[in-house]
Amino acid sequence: MPDKRDLLLNALESYKTTYSDEEKALKDIISFVKSNKDCFKRTSLKGHITGSALLISPDGKKVLLTHHKKLDKWLQFGGHSDGSPDTWSVALRETIEDSGIEDVEFVTHDIFDIDIHAIPENKAKEEPEHLHYDVRFLIKAKTEEFKISHESNELKWFTFSELEKAGLIEEDGLKRLFEKWGSFG
């Protein structure tokens, strides 16, 4: 019987990147998944796998971002695997839930980007600071009509130049993600 981690490991091992920071992250994510049977569960508090997506407009010229309530910053959609080894479904589920847009589709089922980032301690939930091993996909909306969820302060469509003007292309992981989108297609 195949290990529940095999699908993700196979996709990660075939993932190609030209970004040096991603090469190290790729090795670290593969190592983390191989050495942690519970890598998809939040109980693995040194870190866990998350799935996220950059949601692009029907014409591909804008991205929809969420201003995340807890983290107080603009981000792509994404979230915890909650035990599911199907990172693609996690990214799709989180995108639909948090954008309110149900009519979406993967631009490609290949991994679009990966990132490892620290999540601050949450004393209310008794969670220490930990890492999100984030596997990112590119998803296209078939409409620009969205609904703001309880996890967001605001949602907004951005062009690449609007991202630059708003200073949202500063953080390395997001900068790379947006640059990839800007050169995609």
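No value in this document is a laboratory result; all are computed from the given coordinates. The model shown is predicted, which means the values in this text are computed figures rather than measured ones. All Cβ positions, even for glycine, are placed from backbone atoms using ideal geometry, and neighbour counts span all protein chains on display.
Some points to look at:
- Here the contact order of the stretch 88-185, divided by its residue count and restricted to Cα pairs under 8 Å and six or more residues apart, works out to 28 percent.
- With the highest mean first, a sort of the peptides 12-19, 104-111 on other beta-carbon atoms found within 10 angstrom per residue produces 104-111, 12-19.
- Pair Glu97, Lys147: separation of 7 Å Cα→Cβ label points (nm): 1.5
- Net charge dipole size for the stretch 57-162 [Lys, Arg +1 and Asp, Glu -1 on Cβ; Debye, nearest 20]: 260
- Label positions at Asp38 and Ser89, each projected 7 Å from the Cα along the C-beta direction, are separated by 2.1 nm.
- For the chain, the longest principal axis of the C-alpha atoms and the axis of helix 20-35 are separated by about 40°.
- With respect to the chain, whose longest principal axis is taken over its alpha-carbon atoms, helix 172-183 is tilted by about 60°.
- Evaluated over the chain, the Cα radius of gyration and Dmax, each in Å: 15.7, 51
- When the square roots of the Cα gyration tensor eigenvalues are ordered a ≥ b ≥ c, the ratio a/c for the stretch 14-83 is 1.5 or more and a/b does not exceed b/c, which makes its shape oblate.
- Relative contact order (%) - criterion: Cα under 8 Å, at least six apart; region: the chain: 25
- Proximal lysines to Lys4, defined as alpha-carbon separation beneath 24 angstrom and excluding residues fewer than eight positions away on the same chain: Lys16, Lys24, Lys27, Lys34, Lys37, Lys41, Lys46
- Local charge for Asn36 was computed over the other residues whose Cβ lies under 11 Å away, with Lys and Arg +1 and Asp and Glu -1, and equals +4.
- Stretch gain in nm, segment Ile119-Glu171, where the contour uses 0.36 nm per residue and the Cα spacing is subtracted: 17.3 nm
- What separates the Cα centres of the stretch 5-23 and the stretch 34-95 is a distance of 16 Å.
- Phi angles of the stretch 91-102 translate, via the Karplus equation with coefficients 6.51, -1.76, 1.60 and θ = phi - 60°, into HN-Hα couplings of 4, 5, 4, 5, 5, 5, 4, 8, 9, x, 9, 8 Hz per residue; Gly and Pro are given as x.
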